[in-house]
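The values are calculated or read from the model by the stated rules, or taken from the named source; none is laboratory data. Keep in mind that this is a model prediction, so the values were computed, not measured. Reconstructed Cβ throughout: ideal geometry from the backbone, glycine too, with neighbour counts over all protein chains shown. With ligands, DNA and RNA removed, areas are computed over all heavy atoms of the protein, side chains included. Shrake-Rupley method; radii C 1.70, N 1.55, O 1.52, S 1.80 Å.
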Amino acid sequence: MSDESIAARIERLVTEEHQLRDREQVDDDDKLAADNDRLRDVEVELDRCWDLLRQRRALRDAGADPDSAEARDEGTVEGYLQ
């Protein structure tokens with residue numbers, strides 16, 4: 001996966017995240033529960049994409065092959081301290 005394809009995925013996820021947050025203001029309770037589940041999934045996937053992109057950039061800066069970067073699982077990425 002290239003930096004460009006990761007960045008494009010991030011853009012799509014951000015767009016979806018904004019749409020879900022906008023719908024929070026007008027949706028009924030049944031849809032809101034499903035939207036909240038999807039929003040959580042989108043947030044996790046965004047964190048994983050950003051992590052992969054950072055790995056690739058760090059490897060490239062260190063003179064290593066950025067293609068050796070691997071997407072980390074949710075537990076790892078969500079466990080990082082901010």
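By the scheme Lys and Arg +1, Asp and Glu -1, what is the net charge of all other residues having a beta-carbon under 11 Å from that of V77? Value of the local net charge: -4.
Projecting the Cα atoms of L39, M1, V26 onto the dipole axis of segment 1-80, where Lys and Arg carry +1 and Asp and Glu carry -1 at the beta carbon, places M1 farthest toward the positive end. Any idea what angle helix 29-61 forms with the longest principal axis of the chain, computed on alpha-carbon atoms, 0 to 90 degrees, nearest 10? Tilt relative to the chain: about 10 degrees. Considering only D51, D41, D30, the Gaussian network model of the chain with Cα springs below 10 Å gives its largest mean-square fluctuation to D30. Label sites at E16 and D47, each approximated as a point 7 angstrom past Cα along Cα to Cβ, lie 1.7 nm apart.
Here the accessible area is traced with a 1.4 Å probe on the protein chains. For the chain, carbon and sulfur cover 46 percent of it. Toward the positive end of the charge dipole of the chain, with +1 on the Cβ of Lys and Arg and -1 on the Cβ of Asp and Glu, the farthest Cα among T76, G63, V14 is that of G63. Think of each Lys and Arg Cβ as +1 and each Asp and Glu Cβ as -1; about the Cα centre, that makes the dipole of segment 1-65 roughly 460 debye.
Scaling the Cα radius of gyration of the chain by the globular reference 2.2 N^0.38 Å produces a ratio of 1.30. Averaging the Cα positions of each part gives two centres, and for segment 47-81 and segment 1-43 these lie 21 Å apart.
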